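Working notes for the structure below.
None of the figures in this text is laboratory data; all of them are computed from the coordinates on show. Owing to the predicted nature of the structure, the values given are computational and were not obtained by experimental measurement. Note: ideal-geometry Cβ built from the backbone for every residue, glycine included; neighbour counts use all protein chains shown.
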Amino acid sequence: MASKSDNWSRFGFATRAVRAGQRRTHEGEHSEAIFTTSSYVFDSAAEAAARFSGDSPGNVYSRFTNPTVRAFEERLAALEEGERCVATASGMSAILSLAMSCLKAGDHVLASRSLFGSTVLLFENILGRFGVTTDFVAPGDLDAWRQGIRPNTRLLFVETPSNPLMEVADIARLAEIAHAGDALLAVDNVLCTPALQQPLRLGADVVVHSATKFLDGQGRCVGGAVVGSEAVVSKVYGFLRTAGPAMSPFNAWVFLKGLETLGLRMQAQSEAAGALAQWLSERADVGRVYYPGLADHPQRELVQRQQCAGGAVLSFEINGGREAAFRFIDATELVSVTANLGDTRSTLTHPATTTHGRLTPEQRQQVGIGEGLLRVAVGLEDLGDLQADLDLGFAAAG
Ligand SMILES: *Cc1c(COP(=O)(O)O)cnc(C)c1O
């Protein structure tokens, strides 16, 4: 089970995506094997003792390690250019495992106010009960981040670009702010994936993923990962090994297959999203279009410095508020009406009543999520078919 090369940094992204992490068994399989085993046998009592004590490397139990899961971890670590990765049962358990391994009662978290809904609930409601406090600031407001740091701040947490309004946070500057305050910078890299943005190279300490989204890319499995330095990720592994939100080997295998086409998918989906954003921005019946790849994005220079493409997600405003938005959604025939994203099939969402429905109308207004806002996560359909489908929506919205 030796790997041909453990030093993947000398290879390009596409090569790492299809080859990193693979170890063949003596059977010589070309595709990765799926090790559906909960436990492992030892050659002797002494070997069992050595494995349990850690003196001998190797598998003990699949809550700790599993060869298929390790292949996924190594491949994703190679793509994010991190020293180490641990896979988790979901994106949320990746964020939970990170928080549980780097925070304690009395610590403070400074987070972007534009985060995935469950992430906000995790920090505020769940970690709040264990004595961790969290403040939220606008992702692009560097002064607010600087002023929000307290002596007990141990973690800065950001998603960039944000969902659904595509605000971009300056990862390199946030890393400086975090490190000046002796805190870690964690970036949720779900929207860009390492194909478009590598936060660790920009100075972030740790990246979290929902593999459920673009890493799988085909809407099949739920999973997550934490990637970063050996020092940070070994603590996350320690939590995971004891607390148990491990990834299943079957899901790891599906994600390995997903990673093999990640670069191609992100490129194609970004290109289609860029064309769709341009098409939308030229329409009289559309208000603002939010997409990092547009020339008039307010943080254009930062986007170009930090991302190599705009990504697959965009939002736009139509006139007529919630009624018009609902008529629009109900008139489409092709796009999937779901709050999920990162699939080969395009999805259409009304954030104000779904992903951001738990916010009060005042909070939504404050962050800029209006009743006429619609979000499209662009898949791999033909662009003309998507445009024709959205035209049905525009005709019905009036
Ligand atoms: C979906 C998502 C998560 C949570 O991931 P799960 O796999 O659903 O647990 C976290 N962050 C972002 C940005 C997401 O889109």
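Some notes on this structure:
- The calculated 222 nm mean residue ellipticity attributable to helices in the chain amounts to -11500 deg cm²/dmol, summing -39500 (n - 2.57) over DSSP H runs of n ≥ 4 and dividing by all residues.
- Packing-based exposure ordering (other Cβ within 10 Å, fewest first) of PHE394, PHE11, PHE328: PHE11, PHE394, PHE328
- The range 243-340 - Rg over Rh from alpha carbon coordinates, Kirkwood radius: 1.08
- Legend: ranking of residues LYS104, LYS257 from fewest to most surrounding C-beta atoms inside 10 Å; resulting order LYS104, LYS257.
- Inter-probe distance in nm under a simple model that places probes 7 Å from Cα toward Cβ, at SER56 and ARG150: 5.0
- Whole-number percent relative contact order across the range 282-387, with pairs defined as alpha carbons under 8 Å at least 6 apart: 29
- Note on the range 351-367 and the range 26-51: Cα centroid distance 49 Å, given to the nearest whole angstrom.
- Reported to the nearest whole Å, the Cα centre-to-centre distance from the range 210-224 to the range 238-310 is 13.
- Residue among SER234, SER93, ASN59 farthest towards the positive dipole end of the range 8-260, charges placed on Cβ: ASN59
- SER9-PHE250 pseudo-label distance in nm [points 7 Å out on the Cα-to-Cβ vector]: 3.8
- Neighbour counts of C-beta atoms inside 10 Å place LEU359, LEU390 in the sequence LEU359, LEU390, starting with the fewest.
- Dividing the C-alpha radius of gyration of the range 262-397 by 2.2 N^0.38 Å, with N its residue count, gives 1.01.
- In this simple spin-label approximation, ASP285 and LEU383 carry label points 7 Å from Cα along the Cα→Cβ vector, and these lie 2.1 nm apart.
- Hydrodynamic radius by Kirkwood, which averages 1/r over all alpha carbon pairs of the chain, in angstrom: 21.9
- Sparsely packed loop sites in the range 206-284 (the GluC sites (Glu not before Pro) outside DSSP H, G, I, E and B with at most 10 other Cβ atoms within 10 Å) comprise GLU282.
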